[in-house]
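Below is one structure, written out as structure tokens; comments come after it.
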Amino acid sequence: MKKNKNLDSAPWIWRSVSTISIVATLLLIFGFAYAIKDVIFPQGDSTLNEGQKAAAPAKDAQNGGNKAIVEDGKIRMAVIGDSLARGTGDDEGLGFVRRAANLLKDEGHDVQVLNNLGVNGLRTDALLKKLDEQGVQYVLQQSNFILLSIGANDLFQGGQVLQGEDPPTAEKLAAALPETSKRLQEILKKVKEINPNAQIAYIGLYNPFGNVKELEKPGNAVVAAWNDAALSILNNENNMTLVPTFDLFENHLDEYLSSDHFHPNGQGYQQMAVRIAQEYKGNKPAEGSAK
């Protein structure tokens, strides 16, 4: 009797189909399990993970660590505060932070500007609230050279003092000093709590109305009192310095102020940047670096 070849091959076909079905089932189960794992234990975006890893030294900074950020020789700059921190008035858009960074690079330092957290019109009370924001804290934690500009809007109402009917007296301008200087102290304390190892440079105030007869003397008086109050606060803290600017602008307002008669222009910001670069107390550049 002659065998049917198709019948002889049937068992092999069924075995092959069964094997393929089993493999497909296993792959389906594995894929499903992997998907469940990814939902329960998400890996996240690689850049986010890198950011989380970079944040670890900053958490250690709360306990006095932060070695990975400070000891690698790289200057990580951040600036926070008002429109001067933002660089308003600079036609080149650099402001004092990027200009200072460029000067430090010219000296041979490895410099990175992490972020500019300046906000036009910001006052001390608003800055205190801003320092509670997680994103702001993260940037400051990653920095080792923090620049702070605040106070001008509290004292001069963002330059609006010229619009009043009666010219402000020294007494009127000084009325904001007690509460504002108290908030400045709270701001500096909070910044230090966020990053206790960073150098903090507070940018002192100048009188933008020094060439306006009604505001020259009262403006000079309130700015001098403010800078003195700020200096007394800074002198009681480690790693905090005052960057004086009053003398830079005192006799050069026409040269260093922008057209709004309140913010510096590019030249004014450059003068401030020179002072800021001089205030940096970090590691010296490596031997052989460009000078």
Using amide H atoms built 1.01 Å from N in the peptide plane, name the residues 5+ places from TYR280, or on other chains, whose amide H lies under 5 Å from its own.
none
Listed residue pairs exceeding 26 Å between alpha carbons, taken from LYS190/LYS281; LYS130/LYS217; LYS105/LYS182; LYS74/LYS182; LYS74/LYS190; LYS129/LYS192:
LYS130/LYS217; LYS105/LYS182; LYS74/LYS182
From largest accessible area down, sort SER258, SER143; use a 1.4 Å probe on the protein chains.
SER258, SER143
Using each residue's phi in the stretch 118-133, evaluate 6.51 cos²θ - 1.76 cosθ + 1.60 at θ = phi - 60° and report the 3J(HN,Hα) Karplus result to the nearest Hz, with x for Gly and Pro.
x, 10, 4, x, 5, 10, 4, 5, 5, 5, 4, 5, 5, 5, 8, 6
Can you run phi through the Karplus equation (6.51, -1.76, 1.60; θ = phi - 60°) for the stretch 101-110 and list ³J(HN,Hα) in whole Hz, with x for Gly and Pro?
4, 5, 5, 5, 5, 4, 7, x, 7, 8
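The values are calculated or read from the model by the stated rules, or taken from the named source; none is laboratory data. Note that this is a predicted model, so its numbers are computed, not measured. Calculation scope for accessible area: heavy atoms of the full protein, side chains included, ligands and nucleic acids excluded. Shrake-Rupley method; radii C 1.70, N 1.55, O 1.52, S 1.80 Å.
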